[in-house]
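The values are calculated or read from the model by the stated rules, or taken from the named source; none is laboratory data. All values derive from a computational prediction rather than experimental measurement. Neighbour counts run over all protein chains shown; Cβ positions are idealised from the backbone, glycine included.
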């Protein structure tokens, strides 16, 4: 999916003014939202977009459709959050890292099977995989090949629980193929990379925290997570590799959702909603033209450089169904390479 443009203009990204409640409440009807409390809206999501969703919801509350609504949000590892909704966690809207985490809800009859039929195919936020390093980049990291150096210890999330980890691993592998390596050579690289991982974190956010605690010297992460970390006052650098993967995160409303859920999703995909994503470091999706400066980006006035090779799951990996079968199903390539 092509990325909309972000025009240059000076604008200082603001911080979220209020802290919104965080809860993961069970309910009698699995996945149901609303109920007798039509003024509360439940978001269940992966860890990374919490700040952006909070900022968007503040703007949504200023609209007639969102007036009077209160937000409860639960955030964690994408796969864990998806399974929690299947097991009864209350949700009106889900925002996950991976398509498969929404498909799990479709299979459980909690989300309509046409959830991804809209103009963005169900995608509500996007980013790219980047390499986060210590301030000043003392190791001189420039790209994926540096991650197998003897002096490098890598932090990444674990695919067993985290959607972010799957994006990270596929980005590293895809970059090797884009560089002209055979599949066997790319697999050998991945074995070396895994040998250099010092910390396999439970989620993308936990990986960032591990890096901050000095448990490695290169973090594989989302571009937006790197930008948000800098907005919050931490001093790190990040590198957008020449070859990297476009990260596309899905959002969907549940069948038994608060009546305001469709209005919320429409607002998320509007220019105003996507602007809040951009301010938090996400690349915009849909037919929008965002005109803000992004605090914390390497170049705030031109925050989202286009990599030389921008890989996608659809074009370079055959879609998520084929990718999961090859890489992440039980006994598939990821487990094989970890065991080598």
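Here are the numbers:
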quantity	calculated
Residues (surrounded by fewer than 24 Cβ atoms within 10 Å (Cβ to Cβ) and in a helix (DSSP H, G or I)) located in the range 206-219	206, 209, 210, 212
Answer from 118, 204 - the residue that is touching a helix residue (DSSP H, G or I) at 6+ places or on another chain (Cβ under 7 Å) and modelled with pLDDT under 95	204
Filtered residue count, the range 44-78, keeping only those that are crowded, with 24+ Cβ neighbours inside 10 Å and over 22 Å from residue 279 (Cβ atoms)	3
Unique residue being modelled with pLDDT under 95 and surrounded by fewer than 22 Cβ atoms within 10 Å (Cβ to Cβ) when the list is 236, 222	236
So residue 161, is it surrounded by 20 or more Cβ atoms within 10 Å (Cβ to Cβ), in contact with a helix residue (DSSP H, G or I) (Cβ under 9 Å, 6 or more places away or on another chain) and either modelled with pLDDT under 95 or more than 30 Å from residue 54 (Cα to Cα) (or both)	yes
Of the criteria (1) part of a helix (DSSP H, G or I); (2) modelled with pLDDT of 95 or more, which one residue 156 fails	(1)
Yes/no for residue 140 being surrounded by fewer than 19 Cβ atoms within 10 Å (Cβ to Cβ) and either assigned by TED's automatic domain parsing to the domain that holds residue 312 or within 16 Å of the chain's Cα centre (by Cα) (or both)	yes
Residue among 147, 98 that is modelled with pLDDT under 95 and closer than 28 Å to residue 215 by Cα	98
Members of the range 84-98 found to be over 16 Å from the mean Cα position of the chain (by Cα) and part of a loop (DSSP other than H, G, I, E, B), listed by number	87, 88, 90, 91, 92
Residue selected from the range 159-205 under the condition assigned to a strand (DSSP E or B) and closer than 22 Å to residue 97 by Cβ, by the criterion nearest to the chain's Cα centre (by Cα)	201
Criterion: buried (at least 24 other Cβ atoms within 10 Å of the Cβ), closer than 15 Å to residue 203 by Cβ and either outside the structural domain of residue 164 (by TED's automatic domain parsing) or modelled with pLDDT of 95 or more (or both) - qualifying residue of 125, 82	82
Residue in the range 258-278 that is closer than 27 Å to residue 174 by Cα and at pLDDT 95 or above present	yes
